[in-house]
Amino acid sequence: MKILIDGRVLKHKYTTGVERYTIEVLKAFDKLNLNYELALPFSKIRYLQHIWEHIVLPINSKKYDILFCPANISPIFKFKNIKQVIVIHDLSSVYYPLMYKRSYTLYYNTFTPLMLRISDRIITCSETVKKEISKKYLIPDDKIVAIPNGISEVFLSSDKEIKKEKEKYILCVGTLNPRKNLKRVIFAFKKLLNKIEHKLYIVGGYFNIYSKDSQLEFLLKTIPKDRIKVFGYLKTDEELKKLYSLADCFVFASLYEGSGLPPTEAMACGCPVVVSNIDVLKERCGDAAYYVNPYDVEDIAEGIYKVTTDFSLKEILIKKGLERVKNFSWEKTAKNIIKVFEDVLLR
């Protein structure tokens, strides 16, 4: 079985969801001694990378049995002798087109149907997204396989490592894309300023990006500077693990996700989580999270307040979270992907 893996996203400057997925799957493949080759674009310029994706990559893949594309994009043509497997993490550009640049939305909404049609198998990270893809593009269920994401070993803690004494801060992790819903979380936090003594820590963004939103810029000015901190992108997972481990509460009020890595990363570090009551997060978090309506600021505020002030509830969520994360590992994810490779070669 000769496998070529599309490593385009490894050239990206920042590590967000699809980049992390690709890195973790490759590490798991290596542990399982899977024989593969990695294809990387010749340029760091996004425009040139897309040209490479659709012209150079399919030509280079001719001598392989399988082309694996793990990050939402693949060539839109392939040679008959090669099987193509693509991972579609979510359909955010379809359901939330106004939250992206017009060029981004146009690109993905134009190319996705073509990629799905020529791919021999489509992998998603949740049953929720599998149903969305099947319904939107009229693709047979047996062509789509839902394989849950794992959790990086960096975040998996032994009982001795779990911090019993938490610091007084609430943690959010995610990009500043509007679907991550950070604005409502900040509104909710503002409502709690006089009820709890916690600070709000945000990982994954910068204040200068907020300035594009005048309402949010004004909101930030109404919160004391010593009560909110934005870290930007962290250099290492060890830094993130420390923040998870010491946080009194983790909040993930996203409007839409394909899977959602941060909540289970937080659980693995012994941090109680408050998440959106959307289907994909219910699928991922089970009964180990406190659920809130992501469109209701009052409900988000109430969830944060309950988890940070109710010691009994907090302990229950921590215990259930540590049990929940035992269901996920990148090695298990990789093994299931390899089964897909073996299956498509038999057809």
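Neighbour counts of C-beta atoms inside 10 Å place 47, 244, 233 in the sequence 47, 233, 244, starting with the fewest. A protection proxy built from the mean count of other Cβ atoms within 10 Å ranks the segments 109-117, 256-264, 292-300, most packed first, as 256-264, 292-300, 109-117. Computed from backbone phi with θ = phi - 60° and the Karplus coefficients 6.51, -1.76 and 1.60, the 3J(HN,Hα) list for the range 273-287 is 10, 10, 9, 5, 8, 8, 4, 5, 7, 5, 5, 7, 9, x, 9 Hz; x is used for glycine and proline.
Whole-Hz Karplus values for the range 303-317 come out as x, 4, 4, 4, 5, 7, 10, 9, 4, 4, 4, 4, 5, 4, 5 Hz, taken residue by residue from phi with 6.51 cos²θ - 1.76 cosθ + 1.60 and θ = phi - 60°; glycine and proline positions read x. Computed per residue of the chain from DSSP H runs no shorter than four, each worth -39500 (n - 2.57), the mean residue ellipticity at 222 nm is -12500 deg cm²/dmol. Among 197, 283, 331, the residue with the largest mean-square fluctuation in a Gaussian network model of the chain, with springs joining Cα atoms closer than 10 Å, is 197. Potential lengthening of the chain between residue 168 and residue 143 amounts to 4.3 nm, from the contour at 0.36 nm per residue minus the alpha-carbon distance. Taking amide H atoms as placed 1.01 Å from N in the peptide plane, the amide H of residue 71 lies under 5 Å from those of 87, each 5 or more residues away in sequence or on another chain.
Among 8, 184, 102, the order by Cβ neighbours within 10 angstrom, fewest to most, reads 102, 184, 8.
Amide H contacts of residue 146: 124, each under 5 Å away and 5 or more positions distant or on a separate chain (H built 1.01 Å from N in the peptide plane; Pro and chain starts excluded). Taking 185, 154, 18 in turn, the Gaussian network model of the chain (Cα-Cα springs below 10 Å) assigns the largest fluctuation to 154.
Full extension of the chain between residue 50 and residue 326 gives 95.6 nm of extra length, using 0.36 nm per residue less the Cα-Cα distance. Distance from the C-alpha centroid of the range 1-77 to that of the range 263-287: 29 Å, rounded to the whole angstrom. For the pair residue 30 and residue 217, the difference between a 0.36 nm per residue extended length and the Cα-Cα distance amounts to 62.8 nm. Taking the range 219-347 on its own, what percent of its Cα-Cα pair distances exceed 19 Å? Of the Cα pairs, 57 percent sit more than 19 Å apart. Placing a pseudo-label 7 Å from each Cα along the Cα-to-Cβ vector at residue 194 and residue 175 gives an inter-label distance of 3.8 nm. Calculate, for residue 37 and residue 11, the FRET efficiency according to 1/(1 + (r/R0)^6) with r their C-beta to C-beta distance and R0 25 Å; round to the nearest 0.05. E between residue 37 and residue 11, to the nearest 0.05, is 0.95. For the pair residue 77 and residue 231, label points projected 7 Å from Cα toward Cβ lie 4.7 nm apart.
Read the figures in this text as sums done on the coordinates, not as results from a lab. Owing to the predicted nature of the structure, the values given are computational and were not obtained by experimental measurement. All Cβ positions, glycine included, derive from the backbone under ideal geometry; neighbour counts span all protein chains shown.
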